[in-house]
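Here's the structure, in structure tokens; my notes come after.
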Amino acid sequence: MVRILLVASTHEVEELVKKAIESDASAELLLTARSGKDAVRMTGELLPDIVAVELCPSGDDSAKTVREIMISAPTPVVMLASRDGSQLGTASAQALEAGALAVIPAPGAHGTALDAPAIEKFLSTVKAMSQVKIVRQWRQKDHGSKDRTVPAANAAIGIVAIAASTGGPAALRSILKEISADFPVPILIVQHMSNGFIDGVAASLDATVPPTVKVARNGELLRPGTVYFAPDNYQLGVSGRSRLRISDDAPVNGFKPSGSYLFGSIARVFKGESLAVILTGMGDDGTEGLRSLRVAGGKAIAQDEKSSVVFGMPKSAIGAGLVDLVLPLESIAENITAIARGRREIRFYQVGWT
């Protein structure tokens, strides 16, 4: 039985969620909180398996609620979007960075009947996310505004590619805030998430981390010190050493965009000058692409189990023997920078997990 606490500000979302949960004997709606303060208190008192929070357009209240839950009563949290993602991009980015695991559509209805496929997807996602291990967060000081400088050159590698899924937005922020604006090579990212929200994630990061962050465009020049996110429903790769390639190619093992597609693309072009990073996430996306990268002579880093929200993607890559370094999240940025700049003072960690 999955015990769910709902945080909803609108009657419509509350009724839809209630009906969806009532249709499944293995799910239980505990109560509905009407405010962030009540949500934090009720999470600590009721100890639900998961908290489903309606995403507010302003974003501030939603993110604050998530952050306080993660500090006071760490519990898996998913955000429920009741409108088009383009209207909620910034709000979703703030909530994900605060610790929410995913943004999913609220269960919908066609007239008076519930949308069965939407309900099935809603319930299956909630159940899966309720099993995710959550680590308590601590209050952090603001790192200040970004300071862009002129990019440097002469890197030991030519490109960095990152793949992430569940827990990725927060992990990416943790890494990118430690990457300088003069980072010598471009960084390409595949982040699995619901359609319509990647623009908001990119915009939020661009405003608060040193590198330039944007959603990639086909044919765009690759620039050092710039981070490019794969757009919704397109594969991200490179066309030669100087330009991005956005493709409508088929999904790879069900993923589009796919980390494996990205890793394979950079391996074909940059060969031994490629660096791949595989972060927290469910499933095994990225592993197949790392096989090509390994053959080409590239390097690979995986996030360790302790710092991963979900250890699926890193574990798959490590288990396949395709990773050079297994690192805690807080050490990934310094190692990426050291490798990119050709320095030797890299902190090595044993490849494996406990």
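For region 202-245, residues that are more than 25 Å from Ala170 (Cα to Cα), open to solvent by 30 Å² or more (accessible area, probe 1.4 Å) and of a type in the set (Val, Ile, Thr) total 0.
Identify, from the list Gly99, Gly36, Gly108, the residue that is at pLDDT below 90 and either farther than 20 Å from Val132 by Cβ or charged (D, E, K, R) (or both). Before the answer, list the steps.
Details: Gly99 fails: either farther than 20 Å from Val132 by Cβ or charged (D, E, K, R) (or both); Gly36 fails: at pLDDT below 90.
Among Gly99, Gly36, Gly108, only Gly108 is at pLDDT below 90 and either farther than 20 Å from Val132 by Cβ or charged (D, E, K, R) (or both).
Is it the case that some residue within region 161-172 is touching a residue at least 24 places away in the same chain (Cβ under 8 Å) and surrounded by fewer than 18 Cβ atoms within 10 Å (Cβ to Cβ)?
Initially, region 161-172 is screened for residues touching a residue at least 24 places away in the same chain (Cβ under 8 Å), giving 161-172.
Still in the running and surrounded by fewer than 18 Cβ atoms within 10 Å (Cβ to Cβ): none.
Looking through region 161-172, none of the residues is touching a residue at least 24 places away in the same chain (Cβ under 8 Å) and surrounded by fewer than 18 Cβ atoms within 10 Å (Cβ to Cβ).
Pull up region 111-150, narrow it to residues that are among the hydroxyl-bearing types (Ser, Thr, Tyr) and at pLDDT 85 or above, then point me to the one that is surrounded by the fewest Cβ atoms within 10 Å (Cβ to Cβ).
From region 111-150, those among the hydroxyl-bearing types (Ser, Thr, Tyr) are 112, 124-125, 130, 145, 149; that's our starting set.
Narrowing the set further to residues that are at pLDDT 85 or above leaves 124-125, 130.
Values: Ser124: 11, Thr125: 18, Ser130: 20.
Here the residue is Ser124.
For region 316-342, the set of residues classified as out of contact with any Asp or Glu (no Cβ under 7 Å at 6 or more places or on another chain) and free of Cβ contacts under 8 Å to residues at least 60 places away in the same chain consists of Ala317, Ile318, Gly319, Ala320, Gly321, Leu322, Val323, Asp324, Leu325, Ser331, Asn335, listed by residue number. Beta carbons closer than 9 Å, at least 6 apart along the sequence or on distinct chains, pair a first residue in region 292-312 that is among the basic types (Lys, Arg) with a second that is in a loop (DSSP other than H, G, I, E, B) for Arg294/Gly321; Arg294/Leu322; Lys299/Ile157; Lys299/Asp324; Lys306/Val135; Lys306/Pro328; Lys306/Trp353; Lys306/Thr354.
Does region 39-49 hold any residues that are surrounded by 15 or more Cβ atoms within 10 Å (Cβ to Cβ) and either part of a helix (DSSP H, G or I) or polar (S, T, N, Q) (or both), and which are they?
Restricting attention to region 39-49, the residues satisfying the condition of being surrounded by 15 or more Cβ atoms within 10 Å (Cβ to Cβ) are 39-43, 46, 48-49.
Matches in region 39-49: Ala39, Val40, Arg41, Met42, Thr43, Leu46.
Pairing residues of region 23-43 that are more than 21 Å from Ile71 (Cβ to Cβ) with residues that are surrounded by 18 or more Cβ atoms within 10 Å (Cβ to Cβ) and among the charged types (D, E, K, R), at Cβ distances under 7 Å and at least 6 apart in sequence or on separate chains, gives Thr32/Glu14. Scanning region 288-324 for residues that are in contact with a Phe, Trp or Tyr (Cβ under 9 Å, 6 or more places away or on another chain) and among the hydroxyl-bearing types (Ser, Thr, Tyr) turns up just one, Ser292.
Filter region 57-66 down to residues that are surrounded by fewer than 22 Cβ atoms within 10 Å (Cβ to Cβ) and on the phi < 0 side of the Ramachandran plot and give me whichever is modelled with the highest pLDDT. Step through it out loud before you land on a result.
To start, the set of residues in region 57-66 that are surrounded by fewer than 22 Cβ atoms within 10 Å (Cβ to Cβ) comprises 57-61, 64.
Okay, now just the ones that are also on the phi < 0 side of the Ramachandran plot, so 57-58, 60-61, 64.
On the way: Pro57: 71, Ser58: 61, Asp60: 63, Asp61: 82, Lys64: 91.
If we take residues in region 57-66 being surrounded by fewer than 22 Cβ atoms within 10 Å (Cβ to Cβ) and on the phi < 0 side of the Ramachandran plot, then Lys64 is modelled with the highest pLDDT.
The values are calculated or read from the model by the stated rules, or taken from the named source; none is laboratory data. Please read these numbers as outputs of a predicted model, since none were measured by experiment. So basically every Cβ, Gly included, is an ideal-geometry build from the backbone, and we count neighbours across all protein chains shown. We work out accessible area using only protein heavy atoms, side chains counted, and drop any ligands, DNA or RNA first. Shrake-Rupley method; radii C 1.70, N 1.55, O 1.52, S 1.80 Å.
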